[in-house]
Structures are given as C-alpha cells and as structure tokens.
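K.L.:
Next up is a structure, given as structure tokens.
The values are calculated or read from the model by the stated rules, or taken from the named source; none is laboratory data. All figures in this text were calculated on a predicted structure; none of them were measured in a lab. Here the Cβ is made from the backbone with ideal geometry for all residues, glycine too, and neighbour counts use every protein chain on show.
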Amino acid sequence: MQLDLHVHRFDWAGGPTGIGPGVRDLAGRAEAIGVRTLSFMDHYFQMDRMAPAEDPMLEGYTALGFVAGATDRLRLRLLVTGVTYRHPGLLAKIVTTLDVLSQGRAELGIGAAWYEREHEGLGVPFPPLSERFERLEEAIEICLQMWGEDNGPYEGRHYQLAETLCSPLPVSRPRPRILIGGSGERKTLRLVARYADACNIFGGPDEIAAKLDVLRRHCDEVGRDPNEIEVTASYRDLPAGVGADEVLRGAEALARVGVSTLVTGPVGDRPASWLEETFGPVMSDLAAIEPARL
C-alpha cells in the first residue's frame, strides 16, 4: 500500500511569506519518509464548506512546479483539476511542462469541477453539470491526442483544435498517468473505466466497496481489467494522537476492499511533524499491505 499527501490548506504556514518555506519543508519531509505523491487542490478560493473562502489558496500548477524544483522523487498532481479552469490544449501543455521539468513525475488529476462561487468570483464560465461532464471527456481525449503521435485536428462538440502539437512530448511513458476524481456511478466511474489509470473515491470501506462494484461493471462493459486501475481513497480523518496500530487497522480495512493508496492530509499547525509522527513509524508496515484484487 502506498501513501500520498494531499495539501488542502495553507493557513498553518504563517501568512504569505511563510507559505513558500512551509511548503518546501513539508514536501521535503514527506519525500524523506517515503510519501509517493504530493497533491494540491485546484481552486481559486479555499472551499467555503471547509474553511472561510478568504483563507489562503495557491494556484495549483504553479505550486507543483515549485515542489518539483525542491524535491527529487515525489510524484506531482492536482486532486483534481477542474475541467472548467483551463482550456484542454493549455492544460495538456501545462502538465507536459511539469512532467518534462520534473523528469517524468507529473500526473493529470481531473474532474468535472463544482465550486460555483469561485467561478463567479473570477468570471470563469460555469456551465451545467451535464455539459461539464461532456467537456471532461473531451478534455481527456485532447490530452491523450496531444500526448501521442497525432498532431492533427480535434473536433469535439465543445472544443475544436486545429492542430494538437505538443513539443516536447512528456517524459513519462507512455504518457502522464490520469486520475479521474469523484465516484458518481453513472458518469464518473464510466469515464474511469474507459480512460483512467487511477481513481479517487471518498467514504468508508463499505461505501468504497459498493462504488468499486459499479466500477467493475463499467470495466466489463468496455472490456477492461479493473485491476489496471489504481484505487486511491482519502485517509485524513484520523483522531489526534492516533497510534500506529490504529493507523494500520484502518489501512488494512481499506485494502480489503481494493484500495491500494491512502491519501492523507496535513493536520494541525505543524503538518510536517504530524506526518512524520503519524506515518513515519508505519511506512514499512504500510508498504507490506497487499490490497485485494478487484
């Protein structure tokens, strides 16, 4: 089982002048204990269902570029890019640039977007949900075409590109991995089955197991082995002072339903120390946990 770190807040860093040093320290210490991937959110404002919208929030790909220059092994992604935030051709170029400069450590995490307040606040169009899902599928198709050998046009319902030239191509082979966020049974998991290398599903073991049953059915429909898809799940709601045994019991419960990667997040005002104290002692034990096959 792998451990990823999702950084969804920056209020612990002590204001604008503290965020850069704080993120650098957190990323370095995460890499040192064996965290595989560091992710940020893709939001303009802090999520107002979690904290005040006025709390600090960084532009995701700029922040990932900063972490790329400060680390050597951490994989890098947003959890997840909102399809409405960037034109897909530009998005493919941004992820490619991150991948090239980090020597193949970039991943594309993408979803249909949802936070209407920040769209309205900064004047970004926010189409209806059905259209956002149509745009999501077209955006994935555009990224795949730009990361391949076909430099020709793309003609979709919402996006038209005269040429899908992407030079240099990504370092990752055969291309950057794609994670599709969300667990909607009719649309999102269908897209996961068709396009994704990984998914991110919220909930406890029983809820995740039910969603993975749906994913299996979608995979059957497209003739794909579901075990090709990495299952990541949030593992953030840990009580203060949680012990190693409890951390491992929770991880084992998720592994039994098919989760292969835990996604934790910073807790408290000293997130790097919390990460080291909570997960540092159990990293070898986590690595030994084998997730159930789907």
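Here is a yes/no grid of residues against (1) under 21 Å from residue 9 (Cβ atoms); (2) at pLDDT below 95; (3) more than 15 Å from the chain's Cα centre (by Cα):
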{"site": "52", "(1), (2), (3)": "yes, yes, yes"}
{"site": "57", "(1), (2), (3)": "yes, no, yes"}
{"site": "73", "(1), (2), (3)": "no, no, yes"}
{"site": "93", "(1), (2), (3)": "no, no, yes"}
{"site": "96", "(1), (2), (3)": "no, no, yes"}
{"site": "105", "(1), (2), (3)": "no, no, no"}
{"site": "110", "(1), (2), (3)": "no, no, no"}
{"site": "119", "(1), (2), (3)": "yes, no, yes"}
{"site": "123", "(1), (2), (3)": "no, no, yes"}
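K.L.:
Within the range 92-100, can one find any residue that is part of a helix (DSSP H, G or I), in contact with a Gly (Cβ under 7 Å, 6 or more places away or on another chain) and without any contact (Cβ under 8 Å) to a residue 60 or more places away in the chain?
P.N.:
yes
K.L.:
Out of everything in the range 162-189 that is part of a loop (DSSP other than H, G, I, E, B) and within 14 Å of the chain's Cα centre (by Cα), what residue ends up being nearest to residue 219 (Cα to Cα)? Steps first, please.
P.N.:
Within the range 162-189, the subset part of a loop (DSSP other than H, G, I, E, B) is 162-176, 182-187.
Going one step further and asking which of them are within 14 Å of the chain's Cα centre (by Cα), we end up with 176, 182-183.
On the way: 176: 21, 182: 16, 183: 14 Å.
Step by step, filter the range 162-189, then rank; the result is 183.
K.L.:
Quick one: is residue 107 charged (D, E, K, R) and without any contact (Cβ under 8 Å) to a residue 12 or more places away in the chain? Give the steps one after another, and end with the answer.
P.N.:
On the way: charged (D, E, K, R): yes; without any contact (Cβ under 8 Å) to a residue 12 or more places away in the chain: no.
So residue 107 fails the test.
K.L.:
Across the range 27-71, what is the total count of residues that are among the acidic types (Asp, Glu) and either surrounded by 16 or more Cβ atoms within 10 Å (Cβ to Cβ) or under 21 Å from residue 109 (Cβ atoms) (or both)?
P.N.:
To start, the set of residues in the range 27-71 that are among the acidic types (Asp, Glu) comprises 31, 42, 48, 54-55, 59.
This time we only want the ones that are either surrounded by 16 or more Cβ atoms within 10 Å (Cβ to Cβ) or under 21 Å from residue 109 (Cβ atoms) (or both), so: 31, 42, 59.
Of the residues in that region, 3 qualify.
K.L.:
Among (1) within 19 Å of residue 267 (Cα to Cα); (2) outside any loop (DSSP other than H, G, I, E, B); (3) touching a helix residue (DSSP H, G or I) at 6+ places or on another chain (Cβ under 8 Å), there is one condition residue 56 misses while meeting the rest; what is its number?
P.N.:
All conditions pass for residue 56, except number (2).
K.L.:
I would also like to ask the following. Determine which member of the set 238, 262 is of a type outside the set (Val, Ile, Thr) and at pLDDT 95 or above.
P.N.:
Values: 238 fails: at pLDDT 95 or above.
Among 238, 262, only 262 is of a type outside the set (Val, Ile, Thr) and at pLDDT 95 or above.
K.L.:
Another question, then. Residue under question is residue 267, and the condition is that it be within 18 Å of residue 9 (Cβ to Cβ) and touching a Ser or Thr at 6+ places or on another chain (Cβ under 9 Å); does it hold?
P.N.:
Yes, satisfied.
K.L.:
Also, quick follow-up: Step by step: first the residues of the range 211-250, then only those that are of a type in the set (Gly, Ala, Ser) and within 29 Å of residue 266 (Cβ to Cβ), then the one that is surrounded by the most Cβ atoms within 10 Å (Cβ to Cβ). Which residue is that? Write out each step before concluding.
P.N.:
Restricting attention to the range 211-250, the residues satisfying the condition of being of a type in the set (Gly, Ala, Ser) are 223, 233-234, 240-241, 243-244, 250.
Still in the running and within 29 Å of residue 266 (Cβ to Cβ): 233-234, 240-241, 243-244, 250.
Values: 233: 25, 234: 18, 240: 8, 241: 8, 243: 12, 244: 13, 250: 17.
The residue in question is 233.
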